[in-house]
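Here's the structure we're looking at; comments come further down.
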Amino acid sequence: MTDVADRAAVAWSPAEFTERLRAQSTRYHNLHPFHQRMDGGALSREELQRWVTNRFYYQKCIPLKDAAILANCPEVEVRREWIGRILDHDGTAAEPGGIDSWLALGESLGVSRRELVSERGVLPAVRYAVDAYVTFARERPWIEAVASSLTELFGPAAIKVRLEALERHYPWIDPAGLQYFRTRLVKAPRDARYALDLTLERCTTLERQEAAVAALRFKTEMLWAQLDAIDRGESQPPGPRA
Ligand code: AHQ
């Protein structure tokens, strides 16, 4: 390999790699106009209902994404840790999970569980953005799918702001319905810490490090595209869906 190519192939230090991952926070969906309007108290009831309806599709697909990572990961220790994410969302027969909490959030915003589960209100672009995330996890190396979940490095700070804003600006929302986000404030930092440590540990060449940053960049764009569709408003092709 030439001297230039040798220099170019030198992996980033863990500190520099972490910094490049964390730099993706400037692309995080808390900066999207829709979330800015939510945090500023400017959303209508109808907009909040469109958001909770479409985000339900994202939430219900997270376990499919995580199951894809499990299916692609040959390491028992990693699977033992990662399977917890599926249980966090799906819950168990004894203990409802995050998907059930999201349904309660929907009810507190005036959208019935039946309506959320029907997916009637899921916008085409939201469906395609979310399905792209699941497909990414199914088709890319499992460590890249792990890296794509690192948007949760930025989640808790955004959710703290959002929770405070929802409680302050939208008094018609039953605070009990916001429990989902209070739970994320506990689980997301733990999940993000494990995913970051795993990404730093396994991505030891420049090529793998750049792929991990690209995976996280992909995920910031998936979250951004989801909100573009929600922000734009109702848009379905004419004619019957079935
Ligand atoms: O509620 C969220 C959630 O369960 C997850 C799982 C995680 C992943 O595996 O990609 N990401 C994520 C996120 C959730 N909520 C979003 C929000 O802003 O409410 C943030 C989102 C993320 O940052 O990826």
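Between helix 98-108 and the chain there is an angle of about 30 degrees, using the helix long axis and the longest principal axis of the Cα atoms. As a calculated quantity, the FRET efficiency between A23 and R138 at R0 = 30 Å, using C-beta atoms, amounts to about 0.65.
The GNM of the chain, with springs linking C-alpha atoms under 10 angstrom apart, assigns the highest mean-square fluctuation among S112, S149, S101 to S112.
Rounded to the nearest 10 degrees, the inclination of helix 179-202 to the longest alpha-carbon principal axis of the chain is 10 degrees. Overall, the anisotropy analysis places the stretch 8-56 in the prolate class: the square-rooted eigenvalues a ≥ b ≥ c of its C-alpha gyration tensor yield a/c not less than 1.5, with a/b exceeding b/c. Given contacts defined as C-alpha pairs under 8 Å and at least six residues apart, what's the relative contact order of the chain, whole-number percent? Across the chain, relative contact order equals 34 percent. Under the simplified labelling scheme, the L206-I83 pair shows an inter-label distance of 4.0 nm, with each label point 7 Å from Cα along Cα→Cβ.
Want the number for R45 to R232: 0.36 nm per residue separation, take away the alpha-carbon distance, what's left?
65.8 nm
Solvent-free Debye calculation, one equal scatterer per alpha-carbon of the stretch 50-123: log10 I(q)/I(0) at 0.14, 0.16, 0.24 Å⁻¹ equals -0.49, -0.61, -1.01. Remark: the stretch 164-177, residue by residue, has Karplus-estimated 3J(HN,Hα) of 4, 5, 5, 5, 7, 9, 10, x, 7, 8, 5, x, 4, x Hz, where x stands for each Gly or Pro and the curve is 6.51 cos²θ - 1.76 cosθ + 1.60 at θ = phi - 60°. Neighbours of D191 by Cβ distance under 12 Å: Lys/Arg scored +1, Asp/Glu scored -1, total 0.
Below 15 angstrom from the Cβ of P124, what's the summed charge of the other residues (Lys, Arg +1; Asp, Glu -1)? Residues close to P124 contribute a combined charge of 0. Taking the average, over residues, of other Cβ atoms within 10 Å as the packing measure, peptides 102-108, 180-186 rank 102-108, 180-186 from highest down. Amide H contacts of R140: none lie under 5 Å away among residues 5 or more positions distant or on a separate chain (H built 1.01 Å from N in the peptide plane; Pro and chain starts excluded). Rounded to whole numbers, the Karplus 3J(HN,Hα) couplings from phi for the stretch 111-127 are 10, 5, 4, 4, 5, 4, 5, 5, 6, 4, x, 6, 6, x, 5, 5, 4 Hz, using 6.51 cos²θ - 1.76 cosθ + 1.60 with θ = phi - 60°, and x at Gly and Pro.
3J(HN,Hα) couplings calculated from phi for the stretch 49-58 with the Karplus curve 6.51 cos²θ - 1.76 cosθ + 1.60 (θ = phi - 60°) are, in sequence order, 5, 5, 5, 5, 5, 7, 5, 4, 5, 4 Hz; Gly and Pro show x. The calculated 222 nm mean residue ellipticity attributable to helices in the chain amounts to -23000 deg cm²/dmol, summing -39500 (n - 2.57) over DSSP H runs of n ≥ 4 and dividing by all residues.
Rg and Dmax, both from the Cα atoms of the stretch 95-242 and both in Å, are 17.5, 52.
Computed from the coordinates by the stated procedures, all read-outs in this text should not be read as laboratory data. Treat the numbers as computed from the prediction; the structure is a model and nothing was measured. Cβ: placed from backbone, ideal geometry, glycine included. Neighbour counts: every protein chain shown.
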